[in-house]
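Okay, structure first, notes after.
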Amino acid sequence: MKTAGIILAIVLALALQTTIARFVVSGTVAVDLVLVVVVYVALSSGSVPGLLTGTVAGLIQDSLSTGVIGIGGLAKTIVGFITGIVGTQLNIAEPVARFVVFFVATVAHQAITIGLGSVLGLRPFGTPYAAIAGEALGNAVVGVAAFQVSEMLPGAVERRRMGRSRLRR
Amino acid sequence: MALLDIRRRSGYLFLAVIVGHVILISAQVNSRSGVPVLESVTFGLFAQTQRGLSTGVSGLRRVWNRYVWLRGVEGENADLRRQLDEIRVQYQERRALADRATQLEGLLQLRDRTNVQTLAAEVIASSASPDFRTLTIDKGTSAGLKSDMAVIAAAGAVGRVVVPSPGAAKVQLLIDRNAAVGAVIERSRAQGVALGGGDERLRLEYVSEASDVVVGDLVVTSGIDGIYPKGFTIGNVDTVEKSGPAYKRITVKPAVNFSSLETVLVVLTPSAIKQAEQDGKEIKE
């Protein structure tokens, strides 16, 4: 995926997240579209693009939120990097495997965020297990759907082959 | 070898980025006064995108509602006319009552505490992250907004301005997990602090075990935080439990439906405490 495409995807994810969220019941969406983009990039392009996407997207998202800037960036950087490594080591071509990766990545992201909050002595998050599970499920569904849609586009097979050969090199 | 080299280099990059993040976080945790520059600049730029998108979405909705979806409009118009007539009659009655109340207030030399100057603003975007509860409004510093100005709606207190930029401002909602507001139970005058938890309820803390609080009690702003004017509705007591020997564990259901907010009012008049602080500063100078 080219740099411009990744930047566009991040901006689009943030715009959708902030625009659509207020039209949905309870004022928030149980999907972190920015995290979906980070995991998608990491799986399709590798650990370094995943890391950089996580850093840029996380910092922008942090600066648009009320928390400490860097916590989301750090969490997304770690998730992007590790997901990229997992994507190159394991076969994640099947929707079920991708679903699992998106789900686990979301849980890991929340665990890092909550852990950092506790270490820094910020306000405790409580135990939002249901919210985390809901978000992980939402992200996994959106992520798998994004992959399915991208593979239906013309030239997808060639792009995947090229991406894999680039990662192997 | 090439694979090892790439992995080693990506490992160094990962380490460098992590260290960068840690430095960034540490800097903020050590000095949390004021708004970080990065936050202000990014928010200011992104607010313009949000404004454009919001205008586009609103335009589409307007076209749909005004020119396409007109089913039942005639009947609705007739109903509205009837309601308007009824309201006109009620308005006359209320005006007479208001005049009488004003006269009585003057007689008792009561101060009109609700006389605050406000500015209407439209909500143009919501939180960028599901972890935080914020709104973006279409008024900013060019309209006279400043940090820590209270934001209210018809139903009650909404939140406070946290990041004002020239053309927009970010509002932290009462239910954000970093939000807090001085609160008082209207019936028994028991004082506490209402804290957001990131979900749909507020926690009312530091309310003494001996206080008289029951489910359904109205919770209003106490004004002691220096941000929210005194007497604005926060919500109603939802649950009351015993929490240790000293305090009660109370949850409050907010009066405002944060998901359906379209227009809010920003309180421009500083609270009594803030005014006193400002006056004190001016005297020192």
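Listed values, structure above:
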{"read-out": "Cβ-based exposure ranking for A:VAL96, B:VAL73, A:VAL11, in which fewest neighbours within 10 Å come first", "value": "A:VAL96, B:VAL73, A:VAL11"}
{"read-out": "Residue order, fewest to most surrounding Cβ atoms within 10 angstrom, among B:TYR12, B:TYR206", "value": "B:TYR12, B:TYR206"}
{"read-out": "Other protein chain Cβ atoms within 10 Å, averaged over every residue that makes up B:18-24", "value": "6"}
{"read-out": "Net charge dipole size for the range B:180-259 [Lys, Arg +1 and Asp, Glu -1 on Cβ; Debye, nearest 20]", "value": "80"}
{"read-out": "The range B:180-259, relative contact order in percent, only Cα pairs under 8 angstrom and at least six apart counted", "value": "29"}
{"read-out": "Residue order, fewest to most beta carbons within 10 Å, for B:ILE87, A:ILE132", "value": "B:ILE87, A:ILE132"}
{"read-out": "Set B:LYS139/B:LYS253; B:LYS170/B:LYS242; B:LYS170/B:LYS230; B:LYS230/B:LYS253; B:LYS170/B:LYS253; A:LYS76/B:LYS139 screened for pairs whose C-alpha atoms are more than 26 Å apart", "value": "B:LYS139/B:LYS253; B:LYS170/B:LYS242; A:LYS76/B:LYS139"}
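A short reminder: the numbers here are calculations on the coordinates, not readings from a lab. All of these numbers come straight from a predicted model, not from anything done at the bench. Using ideal geometry, Cβ is built from the backbone for each residue, glycine included, and neighbour counts are taken over all protein chains shown.
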